[in-house]
Amino acid sequence: MTAKQKILYFLYLHRTGLTVTLLSTAIFCWPLVTSNPYTLGLTNLIALHVVVVLGLNLFIGYAGQISLGHAAFYGLGAYGSAIATVNFGINPWLAMLLVAFLVALVALVIGIPVLRLAGHYLAMATLGLNFVLHTILLQWDEVTGGPSGFYGIPYLAIGDFEFYDEFRLHYLLWGFALLSLLLCLNLVRSGVGRGLAALAGDETAAAALGVNTRNAKIKVFVLSAVLASLAGSLFAHTYSFVSPDSFNIFVSTDMVIMVVIGGMGSIWGSLLGAALITMLPEWMDLFETYKDFVHGGILVLVLMFLPQGLVTGLFDLVRTRLALRRGQDAAA
């Protein structure tokens, strides 16, 4: 094996670790490149969406299920942290953990009966969950603030160091996003992840191979809800304000679009999908009124021409072209 082949083999063998390292370096340096608060605020919002979409992709892409109501868990995390810190004076970090635990219990209680459903029945059940929560947030004025929202949520802090500006929040939010990324990458490469991949491919075949499909679906549903809850808590302590419209069914739909465009079953694609859909309104502010129509149109086009998702589909296309070129060269 030549030196070049050894280097290429090393890069291939450690490609995941090297990619994470490069991504972490780029994220660390980004605030040094641009100090524009608006730009940093946009990338911080992408980080929040990345945490939610990573968990949702585990449920949709790896477990092969569908959820159109994940903004409900996002909202529970946000409002739970807001109420715990403002009304009960609980430390924000402790509130995040307590709320995540409670959301996990809620997801478990809901998941046991709901995950007996499949296909569009499961989609409608999760959509109904989001609709019910949104209605509660709107109507329960005494606790949630109703349509006016919930104000005065404290910022996260470590001692006297408070995460209140976009520069400091960048490292906090992307730190959580990278930890979520590492968690998901390790999970999908474990025995549990291989079981989930089998479940997504064919539930009957996975069960025949010894995968406890029911338990696997419930566990990944709870994990995805916990990640959404943590992102919601971070959202509340980042903006110091939450409102019901930040967690309605259209937000849930956008999360699903992020998963599909990035690629179902592609952890790296979750980052691209979250970034693309978050930035899209900024690129086309003239069409802000028609944002939902544009998102729907993009989803239809991706499903028609790249059904595996943008990242997965493009990689498959490149691999196919390279394989065809090698075959032609070998024939020549």
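Values quoted throughout were computed directly from the atomic coordinates according to the rules given, and no laboratory measurement underlies them. Since the model is a prediction, treat every value here as computed from it, not as a measurement. Every residue, glycine among them, receives a Cβ derived from its backbone with ideal geometry; neighbour counts consider all protein chains shown.
Span-like helix criteria (full DSSP H runs; alpha carbon extent of at least 27 Å along the helix axis; mean Kyte-Doolittle hydropathy of at least 0.0) are satisfied in the chain by 37-57, 92-114, 119-139, 166-188, 213-239, 310-331. For the range 36-326, with the dipole built from +1 on Lys and Arg beta-carbon atoms and -1 on Asp and Glu ones, taken about the Cα centre, which of F131, H237, C184 lies farthest toward the positive end? The listed residue farthest towards the positive side: C184.
Decide, for the range 104-236, between rounded, prolate and oblate: order the square roots of the alpha carbon gyration tensor eigenvalues as a ≥ b ≥ c, take rounded if a/c falls under 1.5, and otherwise choose prolate if a/b is larger than b/c, else oblate.
Verdict is oblate for the range 104-236.
The relative contact order of the range 36-326, computed from alpha carbon pairs under 8 Å that lie at least 6 residues apart in sequence, is 34 percent.
Give me the number: length gained by fully extending M124 to F161, i.e. 0.36 nm times residue separation minus the C-alpha to C-alpha distance, one decimal in nm.
Here the segment from M124 to F161 would lengthen by 8.9 nm.
Each Cα pair under 8 Å and six or more residues apart adds its separation to the average, and for the range 1-134 the resulting relative contact order is 25 percent. The stretch between L98 and N36, if pulled fully straight at 0.36 nm per residue, gains 18.9 nm over its current Cα-Cα span.
Looking at the range 185-274, the trypsin sites (Lys or Arg not before Pro) that sit in a DSSP loop and have at most 12 other Cβ atoms within 10 Å of their own Cβ are R189. What value, in deg cm²/dmol to 500, does the helix sum -39500 (n - 2.57) over DSSP H runs of n ≥ 4 give at 222 nm once divided by the residues of the chain? Helices in the chain give a 222 nm mean residue ellipticity of -25000 deg cm²/dmol.
If the Kirkwood radius is taken over C-alpha pairs of the range 36-326, then at 20 °C and 1.002 mPa s the Stokes-Einstein diffusion coefficient equals 110 µm²/s. Can you tell me how the range 163-232 classifies by the Cα gyration tensor, rounded, prolate or oblate, using a/c under 1.5 as the rounded cut? Prolate, since a/c reaches 1.5 and a/b exceeds b/c. Basic side chains Lys and Arg get +1 at the Cβ, acidic Asp and Glu get -1 at the Cβ, and with that the dipole of the chain about its Cα centre reaches some 1600 debye. Summarising the label geometry, the points placed 7 Å from Cα in the beta-carbon direction at L108 and T21 lie 3.9 nm from one another.
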